[in-house]
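One structure is given below, encoded as structure tokens.
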Amino acid sequence: MTRKPFDSIEQEQKEALYGVSQETIRALEDALDEGAESQVHRLLAPFRAVDVAVVIEYLSPPLRHALIEILRPHFDPEILAELDETVREEVMTQLGAREIAEALTGLESDEVVALIEDLDKTQQKEILESIPAPERIIVEEALTYPEDSAARLMQRETVCVPEFWTIAEAMNHLAKGKDLPEKFYDLFVVDPRHIPIGGVPLDLLLRYPPSTKLTDIMEKDITWIPALMDQEEVAHLFQKYGLVSAPVVDTSNRIIGMITLDDVVDVIDEEAEKDIMLLSRVTESDFFEPLLSTSYSRIRWLIITLFNTLMAAFVISQFQHTIQKMVALAVLMPISAAMSGNAGMQVVTVTVRALATRELGGANMSRAIWKEVLVGLINGVVFGGIMGFIAAFWFADPALGIVLGGALILNMGWAAVGGVVLPILIDKMGMDPAISAGPFLTTTTDLLSFATFLGLAHLFLV
């Protein structure tokens, strides 16, 4: 296959604003195979850390190893933050604790915690021992908080100013640039106990005379984030109140860090991806896991599916004589199960999302349940009528069409009820409805579909 000249590829890279082209990746693979380090650096030069991370994930393990060796002397730690968890662990193992520690010193505290928290205890210890003491203390303290809490998500670097300062004093402090976060959007005004009493967006500093006191222009109704709040709740607060940044406080309401919008965007993306993956019982790193690990993780859930299938087969076996007397039942039997199962999963998906975004709560729960029941019954009547007519015409038996139509109405009605009630009950029990609601619903819809259709057929047709 003819490859494009490197100059042409470089031009494509400048024009491509949304990532790395497949042609560039193929050129990189060729350069890595040939050991052409200068060409590799030349190809990667236009890209940012997130794009390089994409390239690393695309490559096969041997080429990935070769690329890391080329990048090792000037490895950008931002790349680690963008990698898939499985690939990141592989890269960090190759780099070694000392080199990782040196690279991490250029990152914000929240990014360092995010990279270290997924490692095993031995790797964590090796890396932490290589980090300078002041930074190590910050990271070790953050790791004492629960996983997925606000304290794990926050960055320690904040800009706190006393309540008696003026704009001029605040601007002078910012100009000195000592211990400032890499990115920040608000100054937090604190009292002598270091409790936040207000926030001043940076743009306000430019709109008032330098002699203006910060307390005169600060926003007093700022939202505090408790250190132990779950990151999903944090994301919900940011979304609900349109926050750009917010202070994180300890049990004494003293500010200990801040969370910014870019951190919350990552949380929203992570939680959405996790829920989508859990609906299919796979993990976010499933694509990059080794062969046997991927197989094992999926087998566990497939065993549950196998158990559900055996239960359905048992129900069908109780109607063997009915099916033998009327073979058409075997042809139509899967229709009821498939339609009710799909209808139920539609409701489960909508309900899980509504629970995750706090759109479904006590105030509107009964209304949501009744709505889904009515929708299920309406859809059941529509598809029951369609399939009943088709079955009656197909097998020249109006009674068979009526039985199939009636079974579809009942089963799709239950699918709607179960699809909304099961996630709510599972959520009330403290479990994740994204994991459990699907298997429970498909089990009940399959069993009920076969039992209803074959039971009605046994009563009225045989």
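The values are calculated or read from the model by the stated rules, or taken from the named source; none is laboratory data. Values in this document were obtained by computation on a predicted structure and should not be read as measured data. Virtual Cβ from ideal backbone geometry, glycine too; neighbours counted across all protein chains shown.
Structure above, values below:
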read-out	value
Every residue from the range 220-254 that is of a type in the set (A, V, I, L, M, F, W, C), surrounded by fewer than 18 Cβ atoms within 10 Å (Cβ to Cβ) and within 17 Å of VAL159 (Cα to Cα)	TRP224, VAL244
Filtered residue count, the range 110-137, keeping only those that are part of a helix (DSSP H, G or I) and either within 18 Å of GLU78 (Cα to Cα) or not charged (D, E, K, R) (or both)	17
Out of VAL352, VAL375, sole residue that is closer than 30 Å to ASP230 by Cβ and either of a type outside the set (Lys, Arg) or surrounded by 15 or more Cβ atoms within 10 Å (Cβ to Cβ) (or both)	VAL352
Breaking point among (1) assigned to a helix (DSSP H, G or I); (2) of a type outside the set (Asp, Glu); (3) in contact with a Phe, Trp or Tyr (Cβ under 9 Å, 6 or more places away or on another chain), for VAL20	(1)
Tally, over the range 378-401, of residues that are under 46 Å from the mean Cα position of the chain (by Cα), surrounded by fewer than 19 Cβ atoms within 10 Å (Cβ to Cβ) and either small (Gly, Ala, Ser) or not assigned by TED's automatic domain parsing to the domain that holds VAL347 (or both)	1
Among the candidates GLU57, GLU129, residue that is closer than 26 Å to MET154 by Cα, surrounded by fewer than 20 Cβ atoms within 10 Å (Cβ to Cβ) and not aliphatic (A, V, I, L, M)	GLU129
Any hit, the range 167-186, residues being within 24 Å of THR251 (Cβ to Cβ) and touching a helix residue (DSSP H, G or I) at 6+ places or on another chain (Cβ under 8 Å)	yes
Yes/no for LEU456 being touching a residue at least 24 places away in the same chain (Cβ under 8 Å) and over 38 Å from the mean Cα position of the chain (by Cα)	yes
When residues of the range 91-107 are limited to those that are surrounded by fewer than 18 Cβ atoms within 10 Å (Cβ to Cβ) and on the phi < 0 side of the Ramachandran plot, the one nearest to the chain's Cα centre (by Cα)	THR93
Residue check for THR122: surrounded by fewer than 20 Cβ atoms within 10 Å (Cβ to Cβ), out of contact with any Leu (no Cβ under 8 Å at 6 or more places or on another chain) and modelled with pLDDT of 85 or more	no
So ALA151, is it closer than 20 Å to ALA49 by Cβ and out of contact with any Cys (no Cβ under 7 Å at 6 or more places or on another chain)	no
Test for GLU37: is it over 28 Å from ALA150 (Cβ atoms) and either surrounded by fewer than 17 Cβ atoms within 10 Å (Cβ to Cβ) or under 28 Å from the mean Cα position of the chain (by Cα) (or both)	yes
Pick from the range 293-341, criterion exposed (fewer than 13 other Cβ atoms within 10 Å of the Cβ) and among the polar types (S, T, N, Q), ranking: modelled with the lowest pLDDT	SER295
The range 401-435 - residue that is closer than 24 Å to LEU459 by Cβ and of a type in the set (Val, Ile, Thr) and, of those, modelled with the lowest pLDDT	VAL417
